[in-house]
Amino acid sequence: MADEPKKNDILELAPETRLPEEDEGEQGGFWTKLKRGLFMTHTEIMEKVSDAMSNRVTLDDHTLDYLEEILIGADLGVDTSLELVERVKKNALKEQTTTAAKLRKLLSDEVADVLNEMPRPRVFGRGPMLTLVVGVNGVGKTTSIAKLARRHQQKGERVMLAAGDTFRAAAIEQLALWGDRLGVEVIRQGQGADPGAVVYDAIHAAKARRIDQLIVDTAGRLHTKDHLMAELSKVRRVIDREAADWQKRTILVLDATTGQNALAQARTFSQVVPIDGVLLAKLDGTAKGGMVVAIARELRLPVLYLGVGEKAEDLVDFRPREFASALVG
């Protein structure tokens with residue numbers, strides 16, 4: 001499904017338009033947005049953990065089985081949920097876990113530990129950066145690109161976008177619309193054009209204009225995996241040749257509302273192109289969000305950003321301990 005910007009997004013893009021919580025500073029704004037994005041899952045887990053520990057002074061097998069069901073229901077996946085329950089069981093005696101609050105704290109610590117075990121994101125220095133954005137159609141790729149562009153603008157960087165998804169005319173139009181609203185140039189050609197040619201033009205335009213950040217959209221047709229692999233491989237060859245001295249990264253956008261299906265998408269894209277990190281989109285209160293833990297544990301991919309709303313500013317850095325606390329703590 002297309003990522004069409006909503007009519008009132010123009011107002012939200014104005015620099016003076018701030019969410020109320022952003023006045024509290026970076027940490028306050030981050031925490032408020034994260035809690036908002038995970039509100040439904042957090043509330044459900046709290047209630048169920050409280051029910052599980054009702055009238056109990058210790059963790060028994062029944063409670064642990066129920067805890068496993070809770071975690072699977074929150075999209076952490078079977079394997080990850082089993083591992084977390086085993087960790088909780090192992091440490092429950094040490095912590096003398098006798099209340100729901102203690103269980104939530106122990107579970108939050110274990111989730112944070114799992115997240116902290118994932119690979120660290122690459123550290124980039126100064127100099128121009130090219131970001132290749134991949135993901136299946138409908139996951140929120142276009143809006144996520146706009147959010148990335150907005151973030152770099154707020155750092156005072158010059159940004160350019162490239163409409164490399166030439167398979168869909170709507171994708172080109174939507175990226176152009178976001179470019180107009182953000183005041184960012186979009187390099188594009190018509191539907192059916194060679195994506196490699198679009199990227200070639202974009203790289204040379206970015207060099208001429210001394211752009212700091214070039215963000216490239218791509219097609220996401222997993223049902224034609226071989227074609228997708230060939231197309232992305234060609235684009236990567238153009239990038240490596242024409243932007244040899246640039247810093248480069250590939251970000252995979254996943255839809256938080258699709259649950260474990262997003263995990264399958266991540267596995268497939270990892271086979272097609274090297275992934276430097278994940279942007280989890282649509283974490284706006286309706287998604288369960290627990291698959292972040294499964295991505296970290298099962299795929300060993302760093303989660304870089306969370307899309308926690310529909311506004312261009314609603315993109316936050318991923319912080320493992322804060323995420324664990326907002327999810328289950």
(request) Find the lysine pairs in the stretch 103-207 meeting two conditions, Cα atoms under 23 Å apart and a separation of 8 or more places or different chains, and report how many there are. (result) 4
(request) Let me have the relative contact order for the stretch 230-313, percent, based on Cα pairs under 8 Å that are six or more residues apart. (result) 29
(message) Please report the spacing between the Cα centers of the stretch 177-197 and the stretch 223-262 in Å, no decimals.
(response) 17
(request) Just add up the charged neighbours of THR257: K/R +1, D/E -1, any other residue whose Cβ is under 9 Å from the Cβ of THR257. (result) 0
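When only C-alpha pairs under 8 Å and at least 6 residues apart count, what is the relative contact order of the stretch 129-275, in percent?
About 36 percent, as a whole number.
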(request) Search the structure for amide H atoms under 5 Å from the amide H of GLY277, placed 1.01 Å from N in the peptide plane, and list their residues when 5 or more places away or on another chain. (result) THR250, LEU252
(request) Compute the distance in nm between two label points, each set 7 Å from the Cα along the Cα-to-Cβ direction, one at ARG237 and one at LEU299. (result) 2.7
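Suppose a student asked you for the relative contact order of the stretch 264-322, using Cα pairs under 8 Å spaced at least 6 residues apart; what percent would you report?
Value for the stretch 264-322: 32 percent.
Where a number appears in this text, it was derived from the coordinates with a stated rule and is not lab data. What you see is a predicted model, and the numbers here were worked out from it, not measured in a lab. In this analysis, Cβ positions are derived from the backbone assuming ideal geometry, glycine residues included, and neighbour counts consider all displayed protein chains.
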